[in-house]
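Just so you know, all these numbers are worked out from the coordinates, no wet-lab data involved. The structure displayed is predicted, hence computed values, not measured ones. Every residue, glycine among them, receives a Cβ derived from its backbone with ideal geometry; neighbour counts consider all protein chains shown.
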């Protein structure tokens, strides 16, 4: 089995391209069967044995009670990562993006499958580091990588992960459910994610999401991935607009207000808290559970008719439009 | 909402390219939010309402008992389909490839999520037909399209579908389980799938797979996607080799033996039947249930030491190596 361990090649800037010019170092040279055997080795204990893992037409998931959660998100070279992102971090990011979606509903992860589409000139060593990063992350969060597919396409390095999960408690929190007057909260800090490397270094807010789902006062929740200004739309009840306190938006060091509202890739949680909530008690309970995670009340949902003229309008800071 | 129905543009050869040179007809011109709204409309009743469908960070799947099956397979432009394949058929093929995997274990489908990666220059009309074909197929087989993701990548039109299912009966059939002396059967005819259009016109063998899983004599099963010669390896018990009767391999009209064994994309079922089985009774029971589906006994697993010299060696007809 030709699965020699070793770091991927770095250029003088310390960057690691997924591609190699040396055929014998490419996945093409390995061929499909050996590549799949390598992938199983790289995943190691993160991938259970068949029939509960890779190796059959389908994977079999053990019976489990209750509702299930499912989400799918990719990482694509040139879009969600580049040569400046270490391959291990790119692999971890693939899983963490999906974990962030699960966190946003108060879920905990169970299993995942991965569809890989790659150019034959991708370096075996790069791919090994990608899978090892994914596997380490999967073990940390208790995710079983139960299946996958590998397909070839010229010029592409893309991986799409489908994540399954369950409610961490008894409740799942949707994006809908906020009402007029509800407070808007956000975890952590926003903006400058690309510049700071937060976009691959972030820790998905699973514990926070599970805790928030247990609070009856939390009426709606989502993660901030395309920029708060854009994402907030999905949380905003009909007939209202989010009135934000621009000074209260928690920004990453060096991030402008526009960056905090529009850049995206924050992977923080934004949620609506019932208007009647004792916000001091809520903040105390939060600090007790998450002393190191910042929590900010950034505004509230105001009736459109009563929206204060001159207040911060999130529409002026719309986030990332994937297809433009 | 700009979701005008209408056929995609055909060239003089009747081919339909996914790409358009006219910006206003492209998905880029539509933008992400409108595109997602269009996709929901195109999917129609194949996509349940949130929280059981598209529209939140995760989709919620209703509770269900018993083991679950999961599989993932893509279609990529230039690899699994081209401009000669009508976009509706390409969309249906995406689901049918996965249904074939489910059939191979004796499963029935429940829900699916779809990750789309596409160039901004893809034509909206092409994409509409793709989704409508997928939706029609999903309704036919009772699959709920519960979620998805859309991401952009230059020069790519790729969709990866993750399919969930359950055992159709009480039993799931794996690839492992065949023993020395077991008979090898295959459904339908092999070879010439690309040339004949079978690769997108095929009907996944769900009913046949469910029936076979109910027969105790069926010890192992898989679908033929990469070519029988290659796929048979996974079914072959240790210490044995498949001894095939070359005259007995059911070929599609015009297909050579090499095509039948090596071309792939057959989406038929190959399975092992216990040596002691009354094959005449088995064939009668099959014909009663599936009078229009050909069933062929094509050989048996023979101890490697006893393998008849000069017999048909599947290794001489190895199937498609995805990464070469």
Rg over Rh, two decimals, chain A (C-alpha only, Kirkwood Rh): 1.01
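For a Förster distance of 22 Å, can you work out the FRET efficiency between the beta-carbons of residue B:253 and residue B:297, rounded to the nearest 0.05?
Using R0 = 22 Å, I get an efficiency of 0.55.
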Restricting to DSSP H runs of at least four residues, report the calculated mean residue ellipticity at 222 nm for chain B, -39500 (n - 2.57) per run over all residues, nearest 500 deg cm²/dmol. -8000 deg cm²/dmol
Among bridges DSSP assigns within the protein assembly as shown, what percent are antiparallel (round to 5)? 80
Taking Cα atoms, how many degrees apart are the long axis of helix B:87-103 and the longest axis of chain B, rounded to 10 and kept between 0 and 90? 40
Taking the Kirkwood radius as the inverse of the mean 1/r across Cα pairs, report the Rg/Rh of the range A:183-315. 0.94
Could you work out the mean count of beta carbons from other protein chains within 10 Å of each residue's beta carbon in A:31-38? 3
What are the nm distances, shortest first, from residue A:169 to its equivalents in the other copies, labels at 7 Å along Cα→Cβ? 4.5
Using Cα atoms only, what is the angle between the long axis of helix B:124-141 and the major principal axis of chain B, expressed in degrees (0 to 90) to the nearest 10? 50
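Using the count of nearby Cβ atoms within 10 Å as a rough guide to exposure, how do A:307, A:42 rank from fewest to most?
By the 10 Å Cβ count, ascending, the order reads A:307, A:42.
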When DSSP assigns beta bridges and you keep just the ones with both residues in the range B:24-167, what percent turn out antiparallel, to the nearest 5? 70
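Compute the orientation-averaged projected area for the range A:8-85 from the convex hull of its Cα atoms and round it to one decimal in nm².
7.8
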In whole µm²/s, the translational diffusion coefficient that Stokes-Einstein assigns to the protein assembly as shown, given a Kirkwood hydrodynamic radius over C-alpha pairs, 10 °C and 1.306 mPa s, equals 61
I'd like the antiparallel share, as a percent to the nearest 5, of DSSP beta bridges with both residues in the range B:183-317. 95
Take B:271, B:301, B:290, B:52 and order them by how many other Cβ atoms sit within 10 Å, fewest up front. B:290, B:52, B:301, B:271
What order, most packed first, do the peptides B:172-184, B:272-284 have when packing is the mean number of other Cβ atoms within 10 Å of each residue? B:172-184, B:272-284
Exposure-ranked with fewest Cβ neighbours within 10 Å first, B:225, A:296 stand as A:296, B:225
On average, how many beta carbons from a partner chain sit within 10 Å of the beta carbon of a residue in A:138-148? 1
How big, on average over all directions, is the shadow cast by the Cα convex hull of the range A:101-151, in nm²? 4.1
